[in-house]
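Taken together, the values in this text are just the output of simple stated rules run on the coordinates, not laboratory data. Since the model is a prediction, treat every value here as computed from it, not as a measurement. Here the Cβ positions follow ideal geometry from the backbone for every residue, glycine too, while neighbour counts run over all protein chains shown.
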Amino acid sequence: MKTIIVAAAVILDQEKVLIAQRKEEDVQGLFWEFPGGKVKEGEDPRQALYRELKEELDIEATVGTIFDTIYYEYPQYPVLLLVYRCNLARGVPRPLGCRDVRWVPVAELKSLAMPPADLPIVGKLVAFQRERDHGTAAGQNQEVC
């Protein structure tokens, strides 16, 4: 079975992260996910992510460095998820290719229904926030990611 390559974005604003809700008719419909989409044959993953964010959420983002990579085998097909740190450059996110979009506090991500491949990202974000909060309490200044 061919592995599907997907590029996804971690876009943070203060203590919140941008997430999108899949359409009801989609596989894992109504689950929340980090925005992004499939990388087309021969397409650079960063360019694919830029394109997907524009098509799905009507935003332009600066695609930065890799935040995480996840390989997950769904029953239908295996997925290689390339997760990039991104900054919102232009636009206000709106649900063009998804059901809904929202900014959610990082601490609340664990309470949402999300695809299994996205769960390691949630764990990493929560861990970074805990470290940052602990570092701030100890007088240190650390970035979330």
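Annotations for the structure displayed:
- The chain - Kirkwood radius from inverse mean 1/r over Cα pairs (Å): 15.6 Å
- Ellipticity estimate at 222 nm from DSSP helix runs (n ≥ 4, -39,500 (n - 2.57)) divided over the chain, nearest 500: -7500 deg cm²/dmol
- Close amide H contacts of I5 (hydrogens built in the peptide plane, cut-off under 5 Å, sequence separation of 5 or more or a different chain): V39, L80.
- Karplus-derived 3J(HN,Hα) values for the stretch 8-21, using 6.51 cos²θ - 1.76 cosθ + 1.60 with θ = phi - 60°, are 10, 10, 10, 10, 9, 9, 6, 9, 10, 10, 7, 9, 10, 9 Hz; glycine and proline are entered as x.
- V17 long-range amide H proximity, modeled H, under 5 Å: V104, V106
- For M114, nonlocal amide neighbours, meaning residues 5 or more places apart or on other chains whose placed amide H falls under 5 Å from its own, are W32.
- Relative contact order (%) - the chain, alpha-carbon pairs under 8 angstrom, separation at least six: 28 percent
- Cα-based helix-to-principal-axis angle, 45-57 vs the chain, degrees rounded to 10: 90 degrees
- Fluctuation leader among Q14, Q76, Q129 - the chain, Gaussian network, Cα springs under 10 angstrom: Q76
- Label point distance in nm, E55-L119, each placed 7 Å from Cα along Cα→Cβ: 2.9 nm
- Dipole magnitude of the chain, debye to nearest 20 (Cβ charges: Lys/Arg +1, Asp/Glu -1, about Cα centre): 80 debye
- Local electrostatic count at A117 - Lys and Arg +1, Asp and Glu -1, tallied over other residues with Cβ under 10 Å: -3
- With each label modelled as a point 7 angstrom along the Cα→C-beta vector, the R130-R99 pair spans 3.0 nm.
- In degrees, nearest ten, helix 119-137 long axis to first principal axis of the chain (Cα): 20 degrees
- With a Cα cut-off of under 23 Å and a minimum spacing of 8 residues unless on different chains, the lysine pairs in the stretch 4-137 number 11.
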